[in-house]
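**Student:** Pasting a structure here, questions to come.
The values are calculated or read from the model by the stated rules, or taken from the named source; none is laboratory data. Since we're looking at a predicted model, the values are computed, not measured. Cβ: placed from backbone, ideal geometry, glycine included. Neighbour counts: every protein chain shown.
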Amino acid sequence: MKKQRAFEDFVHGIFLFLGLVTVGFVLLITVYLVIAGIPAIREIGILNFLFNIKWASTASEPSYGILPFILTSVYGTAGAIILGVPVGFLTSVYLAKLAPEKIRTVVSGAVSLLAGIPSVVYGLVGMMVLVPGIRRLFHIPDGASLFAAIIVLAIMILPSIINVSITALEAVPREYEDASLALGATPVETYFRVSVPAAKSGIAAAVVLGVGRAIGEAMAVMMVSGNAPNMPELFGSVRFLTTAVASEMSYSSGLQRQALFSIALVLFLFIMLINAALNFFLKRSKE
Amino acid sequence: MKKIILIMLTAIFTTSMLTSCSSQTSSTVSTDGSTSMEEVIGILGEAFEEKFGISFTYNPTGSGSGIQAVKEGRCDIGLSSRNLKPEEKADGLSETVLANDGIAVIINPQNPVIDLDVETIAKIYTGEISNWSQVGGNDAEIVVIGREAGSGTRDGFESITGTEDACKYRQELTSTGDVITTVSQNPDAIGYASLAAVGDGIKALSVGGVLPSEDTVKDGSYVIQRPFVLVTKDDTELSEAAQKFFDFATSADAARYISQAGAVPVN
């Protein structure tokens, strides 16, 4: 009996340790980012860093302004949400409420597959198909642009939006819908007037999750956005916060490298904010 | 329960074994640096491993990181695709030029332009010339493709053409392969890439009437070229294995491997 008890304690200890490992990593990354990110911001000046529109990190008189990256990330994410949310939302309503079992199985499978595709593959397809396509379609000299990145991001966030929304819609109590139907509402009326409002916190969480994915994506957008540090323009070459870090990190040194860490810190704060919003919505949906 | 513990123990043992393996560095040569030198170093490293039976590692991080790594003693030999800056030499590093590499100016095969001089190329990259018709091509806007800040190829290209900090890039891509793919897809694009990497799907321009090739890089008539440099530390001696590699790479024997990789050996 005593032996059994000791064994139980031992296993509990292992689980506790593994749980703490995760917490430890989060703390480690946070502390490291703050320590690594602060010096450059100090040296450049926080206002100059955040609001200067010129990024020329290797010039003889370097300039480290990341406003173009911040705006590009915001616009790019907003664009992806504007395109992705209606598609994802309606798909999830269809799958959760309207679709026959067979279609549901096939479409859900496709959505899961979409979630499993590595981002570099999205980037590659975007680079080979989407970028030349945009160039021809809009008769512009080069297709690598904010627009191409928005389309890639919109597709990439679809699975998160669809899956989370479906879960939220399926959690709506059956009685609500039955009551609505019994009062004479049509099924479609019921879904949009009763089910969706009842699931709205969950759907909001899905959108926030999509924002989080879009703002954190680096590889795919790096391959289609052109990467020049310009102020954002729909058909212009742009650089995101993520790609600013990723594209220059390998060759960087000195203040340039420190500034890249500072960009990562800014990105980290953005994502923290989004996570806080996500937690807020999820909590509300539970209540 | 027991099963889980067994799995965990196995995992712990495997990781500890792996870590103990990687700390065994006595008979390896580690190099770190320029991504442009990948082909040259790849072939040299393979030949070296075969000849001496010493294992060889190459970490393609970029010239700046490679120089930093050798300075901090994280690798035996640093690889740089530019000459060392005076302040780097003052830090106790020295350079040995291994080979020269031409930087080809590349365009899409559909583009009728075949020759530009350095001055015109510089004007295109600074945005002074923005339409192909100004240099005898079709009436189309020039799409200027380059590499990211800090890249050895960009540094080499900009310093040779005198366009430092003045280039107006439409796209800044992070690898030679990306530049080649992008140029091969866009008929109005112009880009630059290591001569060694030039292949199908794109056209290398002649510069001032001289086509980039091994011969024209060697005799200096093709002007857009840069050195491939081995970087070593002055105050610490190379390990026996690293010295062997250094001697091998700079020997006349290695020249054929270097030219096989598309660069031009100095010895």
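**Student:** Where residues in the range B:107-136 are β-branched (V, I, T) and under 19 Å from B:A193 (Cα atoms), which of them is farthest from the chain's Cα centre (by Cα)? Write out each step before concluding.
**Tutor:** We begin by selecting, within the range B:107-136, every residue β-branched (V, I, T); these are B:107, B:113-114, B:118, B:120-121, B:124, B:126, B:129, B:135.
Next, from what is left, pick out any that are under 19 Å from B:A193 (Cα atoms): B:107, B:113-114, B:118, B:120-121, B:124, B:126.
Values: B:I107: 20, B:V113: 27, B:I114: 25, B:V118: 21, B:T120: 25, B:I121: 21, B:I124: 23, B:T126: 23 Å.
Going through the qualifying residues, I end up with B:V113.
**Student:** Out of the residues in the range B:181-207 that are over 17 Å from B:G146 (Cβ atoms) and not in a loop (DSSP other than H, G, I, E, B), state the one that is modelled with the lowest pLDDT.
**Tutor:** Of the residues in the range B:181-207, the ones over 17 Å from B:G146 (Cβ atoms) are B:187, B:196, B:199-201, B:203, B:206.
If we keep only those that are not in a loop (DSSP other than H, G, I, E, B) as well, we get B:196, B:203, B:206.
On the way: B:A196: 75, B:K203: 92, B:S206: 93.
In this case the residue turns out to be B:A196.
**Student:** Which of the residues that make up the range A:19-51 are crowded, with 17+ Cβ neighbours inside 10 Å and of a type in the set (F, W, Y)? Even if it seems obvious, please write down each step before you answer.
**Tutor:** Step one: list which residues in the range A:19-51 are crowded, with 17+ Cβ neighbours inside 10 Å, which gives A:33, A:37, A:40-41, A:44, A:49.
Hit for the range A:19-51 is A:F49, nothing else.
**Student:** Any residue at all in the range A:52-59 that's assigned to a strand (DSSP E or B), of a type in the set (A, V, I, L, M, F, W, C) and crowded, with 16+ Cβ neighbours inside 10 Å?
**Tutor:** First pass over the range A:52-59, keeping only residues assigned to a strand (DSSP E or B): A:55-56.
In the following step, the residues that additionally are of a type in the set (A, V, I, L, M, F, W, C) were identified as A:55-56.
This time we only want the ones that are crowded, with 16+ Cβ neighbours inside 10 Å, so: A:55.
Within the range A:52-59, one or more residues are assigned to a strand (DSSP E or B), of a type in the set (A, V, I, L, M, F, W, C) and crowded, with 16+ Cβ neighbours inside 10 Å.
**Student:** A follow-up question, please. Restricting attention to the range B:60-106, report how many residues are touching a Phe, Trp or Tyr at 6+ places or on another chain (Cβ under 6 Å) and farther than 23 Å from B:L195 by Cα.
**Tutor:** The qualifying residues number 0.
**Student:** Something else about it: Select, from B:E237, B:E172, the only residue that is within 14 Å of chain A (Cβ to nearest Cβ) and of a type in the set (D, E). Give the steps one after another, and end with the answer.
**Tutor:** Numbers: B:E237 fails: within 14 Å of chain A (Cβ to nearest Cβ).
Residue meeting the stated conditions: B:E172.
**Student:** Filter the range B:60-81 down to the residues that are of a type outside the set (S, T, N, Q), surrounded by 24 or more Cβ atoms within 10 Å (Cβ to Cβ) and part of a helix (DSSP H, G or I), then identify the one that is nearest to the other protein chains (Cβ to nearest Cβ).
**Tutor:** Out of the qualifying residues, it is B:G64.
**Student:** Quick one: count up the residues across the range B:83-102 that are touching a strand residue (DSSP E or B) at 6+ places or on another chain (Cβ under 6 Å) and within 14 Å of chain A (Cβ to nearest Cβ).
**Tutor:** Total meeting the criteria: 2.
**Student:** Same structure again: Considering only residues that are closer than 25 Å to B:S65 by Cβ and either of a type in the set (F, W, Y) or more than 8 Å from every other protein chain (Cβ to nearest Cβ) (or both), which ones fall in the range B:141-154? Show your work before the answer.
**Tutor:** Narrowing the range B:141-154 to residues closer than 25 Å to B:S65 by Cβ: B:145-154.
Correct list: B:I145, B:G146, B:R147, B:T153, B:R154.
**Student:** In addition: Return the residue satisfying two criteria in turn: it lies in the range B:255-267 and is assigned to a helix (DSSP H, G or I) and touching a strand residue (DSSP E or B) at 6+ places or on another chain (Cβ under 7 Å), and of such residues it is modelled with the lowest pLDDT. Please lay out each step first, then the result.
**Tutor:** Restricting attention to the range B:255-267, the residues satisfying the condition of being assigned to a helix (DSSP H, G or I) are B:255-260.
Still in the running and touching a strand residue (DSSP E or B) at 6+ places or on another chain (Cβ under 7 Å): B:255, B:258-259.
Numbers: B:A255: 88, B:I258: 89, B:S259: 84.
Selected residue: B:S259.
**Student:** For the range A:122-136, give me each residue that is more than 14 Å from every other protein chain (Cβ to nearest Cβ) and either without any contact (Cβ under 8 Å) to a residue 40 or more places away in the chain or closer than 18 Å to B:I145 by Cβ (or both). Break it down stepwise before answering.
**Tutor:** Going residue by residue through the range A:122-136, those that are more than 14 Å from every other protein chain (Cβ to nearest Cβ) are A:122.
The answer is none; no residue qualifies.
**Student:** Which is in a helix (DSSP H, G or I), at pLDDT 90 or above and more than 21 Å from A:I271 (Cβ to Cβ), of A:S160, A:S180? If you could, list the steps in order and put the result at the bottom.
**Tutor:** Details: A:S160 fails: more than 21 Å from A:I271 (Cβ to Cβ).
Matching residue, one of A:S160, A:S180: A:S180.
**Student:** Could I ask something else about it? Select from the range A:246-258 the residues that are away from chain B (no Cβ under 11 Å) and either crowded, with 22+ Cβ neighbours inside 10 Å or in contact with a Gly (Cβ under 9 Å, 6 or more places away or on another chain) (or both) and list them in ascending order. Explain how you work it out, then say what you get.
**Tutor:** Keep residues of the range A:246-258 that are away from chain B (no Cβ under 11 Å), which gives A:255, A:258.
Across the range A:246-258, the qualifying residue is only A:Q258.
**Student:** When only residues in the range A:144-187 that are free of Cβ contacts under 8 Å to residues at least 24 places away in the same chain and hydrophobic (A, V, I, L, M, F, W, C) count, which is surrounded by the most Cβ atoms within 10 Å (Cβ to Cβ)?
**Tutor:** Ranking the qualifying residues of the range A:144-187, first place goes to A:A185.
**Student:** Looking for whichever is over 22 Å from B:S130 (Cβ atoms) and either free of Cβ contacts under 8 Å to residues at least 24 places away in the same chain or among the hydroxyl-bearing types (S, T, Y) (or both) here; the options are B:G209, B:G156, B:G220. Which one fits? Show your work before the answer.
**Tutor:** Working: B:G209 fails: either free of Cβ contacts under 8 Å to residues at least 24 places away in the same chain or among the hydroxyl-bearing types (S, T, Y) (or both); B:G156 fails: either free of Cβ contacts under 8 Å to residues at least 24 places away in the same chain or among the hydroxyl-bearing types (S, T, Y) (or both).
Selected residue: B:G220, the only one of B:G209, B:G156, B:G220 that is over 22 Å from B:S130 (Cβ atoms) and either free of Cβ contacts under 8 Å to residues at least 24 places away in the same chain or among the hydroxyl-bearing types (S, T, Y) (or both).
**Student:** B:V179 versus (1) under 30 Å from A:G254 (Cα atoms); (2) among the hydrophobic types (A, V, I, L, M, F, W, C); (3) within 12 Å of another protein chain (Cβ to nearest Cβ); (4) surrounded by fewer than 17 Cβ atoms within 10 Å (Cβ to Cβ): which is the lone unmet condition?
**Tutor:** Here B:V179 clears every test but (4).
**Student:** Among B:L84, B:L44, which is buried (at least 18 other Cβ atoms within 10 Å of the Cβ), outside any loop (DSSP other than H, G, I, E, B) and in contact (Cβ under 8 Å) with a residue 24 or more places away in the chain?
**Tutor:** On inspection, the qualifying residue turns out to be B:L44.
**Student:** Output yes when any residue across the range A:23-36 is touching a helix residue (DSSP H, G or I) at 6+ places or on another chain (Cβ under 6 Å) and outside the structural domain of A:S145 (by TED's automatic domain parsing), and no when none is.
**Tutor:** So the first thing to find is which residues in the range A:23-36 are touching a helix residue (DSSP H, G or I) at 6+ places or on another chain (Cβ under 6 Å), and the list is A:33, A:36.
Still in the running and outside the structural domain of A:S145 (by TED's automatic domain parsing): A:33, A:36.
Yes - at least one qualifying residue is present in the range A:23-36.
**Student:** While we're looking at this one, here's another question. Which condition number in (1) away from chain A (no Cβ under 14 Å); (2) out of contact with any Leu (no Cβ under 8 Å at 6 or more places or on another chain) is the one that B:A166 fails?
**Tutor:** Here B:A166 clears every test but (1).
**Student:** Within the group B:S80, B:S55, which residue is in contact with a Gly (Cβ under 7 Å, 6 or more places away or on another chain), at negative phi and among the hydroxyl-bearing types (S, T, Y)?
**Tutor:** On the way: B:S55 fails: in contact with a Gly (Cβ under 7 Å, 6 or more places away or on another chain).
Within the list B:S80, B:S55, the selection yields B:S80.
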